[in-house]
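The values are calculated or read from the model by the stated rules, or taken from the named source; none is laboratory data. A quick note: this is a predicted structure, and the numbers were derived from the prediction, not measured. For neighbour counting, all protein chains shown are included, and Cβ atoms are generated from backbone atoms with ideal geometry for every residue, glycine included.
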Amino acid sequence: MKPIAVLGAGLAGLTAADELKRRGLPVVVFEAGRTVGGMAASFRDAEGFSYDYGAHFVSNRLAKALGAEAICRTVRHYGEAVVVDGRSHSHPFGLMAEPRFLAGALAAQFRRHDTPAPHAAALFRRLYGDAMAEAVAIPLVEAWSGAPADQLAPAVGEKFGNSVLKSLYLNMAAKLTRRAVCNGYTRTMPEGASVYHVYPEGGMAKLLEPALNRLFGSVRLESPVERILVENGRVEAVRVHGQDIPVSAAISTAPVHVLPRLLEGSDALEGLRTFRYRPMIFVNLRFAGRHLLPDTMAWVPDRRQTFFRVTEAPYSMPQLAPAGKTLLTFDIGCEVGDERWTMSDEELAKRCLDGLCEVFGEHLRASYLGPGGTIRTPISYPVYLASYEAERQRFSDSTGVDGLWSVGRNGEFAHILMEDVYWRTIRRMDEVTRYIGGLASPRPDIGSASRIAA
């Protein structure tokens, strides 16, 4: 049997390959880089500060499914805050302590609408009321996406979490169990008191080692796929280092706007060329002390600031910084080549420090120890523009090319976190198996205790 080609050795690619191999199907993973992991990467400097490639959230259920639960520590606390007009509010309920937000939200619930919201701005006003939409939701989504909210599809709202009652239950469960119970981090699997945040010893890439070990000999590094060859609407081969390798199917984790350039013999995905991803800069600053922020993560819907989110990971995972010190990570939206993208690391650090002191207090300047590393990524978050929403929805159902699947956050062009990446990829492999027609063994029910923590 010809092998199934998997493009990319990040979480989605390794999950797909591991699952297919478990089913007895031959796979080859082609990774363009020198290492595996994709965005599931961690960094540690000489002074003992650790940081990830952006924010990652791992549940005990995901760690168990990956075979990595033994190396994961339970996170005892995780929380988020929103800072508006100099005041910090716990998320998701603290904002309702503001009379203007509460009144607007209540009024919004009693308004009737005969047609769907035409864009994200209208959706936020319907959900939260005008005051909270204008002060919080719209500034944040625009900073995060780089597009005006009235040009974003209302599907952006799918990113937001559980209902009020479900959130209350999960918050109470976290207090009773003294664990950071997951709340709004998956839409594929149920969340409950037994599903909580963990963090792997040694960094995020350690999560992938069990799968990588099972795939020994099947992963080719520094082997970018140059073309996916299609004949009569069906994937027949991939080209790597100028050599055409016959395959029975291809599973891509590449950003979707790259797929039209990879396909040879089909123009079925030409509409994906216009799809956009938001570039991001993650700036890390080191400080003396701990708990400098009101909670682990703080959202800052202030258009004057360079950043829209700041995270103090050692607040929840103290092992990520030396004793008595902490690390703050600032999320900055940008475009490749713009002022922020080309700004020096020193100037970015200065702007973040100045903004931090403006938002949270000038006293923090005295605790500053210096910069801790800056990461720039040209592809971070999918941008759901209304102009291509119909095409996005069609693509979410099928690539339109027989034998070609696209998985993962970048590959699906979806607002999903790590657990959804894993389970959605597993389910997609059911389709691949049916296509190949060589199911080696029936897959246990997805709720099986053998794969999911009770």
* Looking only at residues in segment 403-446 that are among the hydroxyl-bearing types (Ser, Thr, Tyr) and surrounded by fewer than 18 Cβ atoms within 10 Å (Cβ to Cβ), which one is modelled with the lowest pLDDT? -> SER441
* Asked: Out of all the residues in segment 286-301, which are assigned to a strand (DSSP E or B), over 23 Å from GLU142 (Cα atoms) and either under 22 Å from the mean Cα position of the chain (by Cα) or of a type in the set (D, E, K, R) (or both)?
  -> ARG286
* Asked: Which of the following residues is part of a loop (DSSP other than H, G, I, E, B) and either under 17 Å from the mean Cα position of the chain (by Cα) or of a type in the set (Phe, Trp, Tyr) (or both): GLY24, GLY38?
  -> GLY38
* Structure fact -> Within segment 1-21, residues closer than 19 Å to ARG409 by Cα and assigned to a helix (DSSP H, G or I) come out as LEU11, ALA12, GLY13, LEU14, THR15, ALA16, ALA17, ASP18, GLU19
* Asked: Is at least one residue of segment 122-142 in contact (Cβ under 8 Å) with a residue 12 or more places away in the chain, assigned to a loop (DSSP other than H, G, I, E, B) and either buried (at least 18 other Cβ atoms within 10 Å of the Cβ) or touching a Gly at 6+ places or on another chain (Cβ under 8 Å) (or both)?
  -> no
* To do: Could you grab me the full set of residues in segment 320-355 that are touching a strand residue (DSSP E or B) at 6+ places or on another chain (Cβ under 7 Å) and part of a helix (DSSP H, G or I)?
  => LEU320, ARG340, TRP341, ASP345, LEU348, ALA349, CYS352, LEU353
* To do: For ASN183, state whether it is within 17 Å of TYR78 (Cβ to Cβ) and in a loop (DSSP other than H, G, I, E, B).
  => yes
* Structure fact -> Checked segment 122-155 for anything touching a strand residue (DSSP E or B) at 6+ places or on another chain (Cβ under 9 Å), closer than 26 Å to PRO378 by Cα and of a type in the set (A, V, I, L, M); matches are VAL136, LEU140, VAL141, ALA143, ALA147, LEU152, ALA153
* Asked: Looking at segment 208-216, is at least one residue of a type outside the set (Ser, Thr, Tyr) and under 30 Å from ALA173 (Cα atoms)?
  -> yes
* If you check ALA103, ALA55, which single one turns out to be assigned to a helix (DSSP H, G or I), surrounded by fewer than 19 Cβ atoms within 10 Å (Cβ to Cβ) and at pLDDT below 95? -> ALA103
